[in-house]
1. Among the numbered conditions (1) among the basic types (Lys, Arg); (2) at pLDDT below 95; (3) in contact with a Lys or Arg (Cβ under 9 Å, 6 or more places away or on another chain), tell me where Arg69 comes up short.
2. Can you name the residue in the stretch 52-66 that is closer than 10 Å to Phe5 by Cα and modelled with pLDDT of 90 or more and, of all such residues, is nearest to the chain's Cα centre (by Cα)?
3. Restricting the first residue to the stretch 24-47 and requiring it to be under 16 Å from Val60 (Cα atoms) and without any contact (Cβ under 8 Å) to a residue 24 or more places away in the chain, which pairs with a second residue that is among the β-branched types (Val, Ile, Thr) and part of a strand (DSSP E or B) meet a Cβ separation below 9 Å and a spacing of at least six or different chains?
4. Can you tell me which residues in the stretch 1-44 are assigned to a loop (DSSP other than H, G, I, E, B) and among the hydrophobic types (A, V, I, L, M, F, W, C)?
5. Within the stretch 14-27, track down each residue that is crowded, with 16+ Cβ neighbours inside 10 Å and at positive phi.
6. Hey, could you check the stretch 38-47 for residues that are charged (D, E, K, R) and under 12 Å from Ile4 (Cβ atoms) and say which is surrounded by the fewest Cβ atoms within 10 Å (Cβ to Cβ)?
7. On the basis of being within 9 Å of the chain's Cα centre (by Cα) and not hydroxyl-bearing (Ser, Thr, Tyr), does Cys14 make the cut?
Amino acid sequence: MNAIFIDSYRCSGCATCTTMCPDVFVLNPLTEKAELIFPDQEVTDSVRLAAAYCPEKCIVLAPEGGMVR
């Protein structure tokens, strides 16, 4: 299973990811940063698109069996 990580430091809270994948991402009302709804979300084509369209590039997808550096 691939892993999804969000660099909350880089996240600007633009909500692109929540608009594209409302079943995966949510904005935290306190920090106004993106978070995963559930920690073990599946990496789908929609998630890949959301990561690609993120203006801050804060969504990082780890390859299956790999680690994020």
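The values are calculated or read from the model by the stated rules, or taken from the named source; none is laboratory data. Note that the structure is a prediction, hence the values are computed from the model and not measured. Because the Cβ atoms are built from the backbone with ideal geometry, glycine has one as well, and the counts that use them run over all protein chains shown.
1. In the conditions (1) among the basic types (Lys, Arg); (2) at pLDDT below 95; (3) in contact with a Lys or Arg (Cβ under 9 Å, 6 or more places away or on another chain), Arg69 misses (3) alone.
2. Step one: filter the stretch 52-66 for residues closer than 10 Å to Phe5 by Cα, giving 58-62.
When the remaining residues are screened for being modelled with pLDDT of 90 or more, the result is 58-61.
Details: Cys58: 7, Ile59: 4, Val60: 7, Leu61: 8 Å.
For the stretch 52-66, the residue satisfying everything is Ile59.
3. Ile37/Val26; Pro39/Ile4
4. Within the stretch 1-44, Met1, Cys11, Cys14, Ala15, Cys21, Val24, Leu30, Ile37, Phe38, Val43 qualify.
5. none
6. From the stretch 38-47, those charged (D, E, K, R) are 40, 42, 45; that's our starting set.
Cutting the leftovers down to under 12 Å from Ile4 (Cβ atoms) gives us 40, 42.
Details: Asp40: 8, Glu42: 10.
Only one residue fits best here, namely Asp40.
7. Values: within 9 Å of the chain's Cα centre (by Cα): no; not hydroxyl-bearing (Ser, Thr, Tyr): yes.
No: the conditions fail for Cys14.
Residues checked against (1) surrounded by 15 or more Cβ atoms within 10 Å (Cβ to Cβ); (2) modelled with pLDDT under 95; (3) not small (Gly, Ala, Ser):
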residue: Ala3; (1), (2), (3): yes, yes, no
residue: Ser12; (1), (2), (3): no, no, no
residue: Pro29; (1), (2), (3): no, no, yes
residue: Leu36; (1), (2), (3): yes, no, yes
